[in-house]
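Working notes, structure below.
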Amino acid sequence: MKEQEQAYQSTQPTPQDVVMDIRDLHIAFGSNVVLDGFELQLHKGECKVVLGRSGSGKSVLIKCIIGLLKPDSGSITVMGKDILNMDHEELDKMRMRIGFLFQSNALYDSMTVRENLEFPMRRHHIDLADQTAEQRILEALENVGLEHTIDMMPVELSGGMKKRIALARTLILKPDIILYDEPTSGLDPVTSREIAHLITEVQKKYKTSSIVISHDMSCVHTVADKIAVLLDGKKRAEGTYSELAKSDIKEVKEFFE
């Protein structure tokens, strides 16, 4: 059993620690039902993995959380606020508190690393003195071990480096919650392990709450405090890695074989 799994079990969260509460979420595209009553709670300081097969609705779920998609019904409460009934301005303010690591990294090819990291601060009109902005950028790059890339262009970076820079950009606004959409997708096994360990390090350093969308079981084993299994649009099971590996549900156990 992993060290963080043991630590998590010894300090079980309370209802007061809930930072995200998803209830009875439904969304369909025509006749294609993607989420069918999905439910999830995320607690303060917790890293929860949503595990599912490709096309199971994991990315749709994360887009609903940040307001890029509107579900047909259900509720999403983040830090006590109802996401689904927010206007554009309210949603924009909430997004400052929710970091999102895109599966594709979404770096701007025409900008240097420095400019990519500056962009979220400019986008949210954060009034920072030049020195303070520079300190934030250097701190974020230090966190991912890439201070030397500050004046490089994305085309000069490897796939793993791009992923790290994308995470550094996510950290710039010092979010309370970080959402990771397939953070190891397209990476070789060694780089995938490095990214998974980096997610854990960030979690410990900043005490963030995280949701990781993944079907990479090596990453899942490294980062997860708890795992929610998404099958047929529903949460079919939830527990630690070791608990779900012993599940009596055939479709759940298959992930761990």
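Bear in mind that the values in this text are calculations on the coordinates, not laboratory data. Treat the numbers as computed from the prediction; the structure is a model and nothing was measured. Neighbour counts are summed over all protein chains in view; Cβ atoms, including those assigned to glycine, are modelled from backbone coordinates with ideal geometry.
Cβ crowding within 10 Å ranks TYR108, TYR206 as TYR108, TYR206, fewest other Cβ atoms first. For the chain, the longest principal axis of the alpha carbon atoms and the long axis of helix 189-206 meet at an angle near 80°.
Report summary: the helix-based calculation at 222 nm, which adds -39500 (n - 2.57) for every DSSP H run with n ≥ 4 and divides by the residues of the chain, gives -11000 deg cm²/dmol. Listed by chain and number, the lysines whose C-alpha is less than 22 Å from the C-alpha of LYS246, apart from same-chain residues fewer than 8 away, are LYS2, LYS48, LYS226, LYS234, LYS235.
Among THR149, THR170, THR132, the largest mean-square fluctuation in a Gaussian network model of the chain (Cα springs under 10 Å) belongs to THR132. Using alpha carbons only, how many angstrom separate the centre of the stretch 178-194 from the centre of the stretch 18-54? Rounded to whole Å, the Cα centres lie 21 Å apart.
Using the Cα centre of the stretch 99-257 as the reference point, and only Cβ charges (+1 on K/R, -1 on D/E), how large is the resulting charge dipole? Debye, rounded to the nearest 20.
On the way: 20 positive and 26 negative charges, 88 e Å.
The calculation lands at about 420 debye.
Towards the positive end of the charge dipole of the chain, with charges on Cβ (+1 Lys, Arg; -1 Asp, Glu), say which of VAL49, SER210, HIS88 has the farthest Cα. Most positive-ward Cα: VAL49.
Packing, as the average of other Cβ atoms within 10 Å across residues, places the peptides 221-230, 40-49 in the order 221-230, 40-49, highest first. Take 61-74, 18-31 and order them by the average number of nearby Cβ atoms within 10 Å per residue, most first; the result is 61-74, 18-31. Can you list residues from other chains, or at least 5 along the same chain, whose modelled amide H is less than 5 Å from the amide H of CYS47? Long-range HN contacts for CYS47: SER210, ASP225, LYS226.
Can you tell me, using C-alpha contacts under 8 Å and at least 6 residues apart, the relative contact order of the chain as a whole percent?
Working: 440 pairs, mean separation 69.1, N = 257.
About 27 percent, as a whole number.
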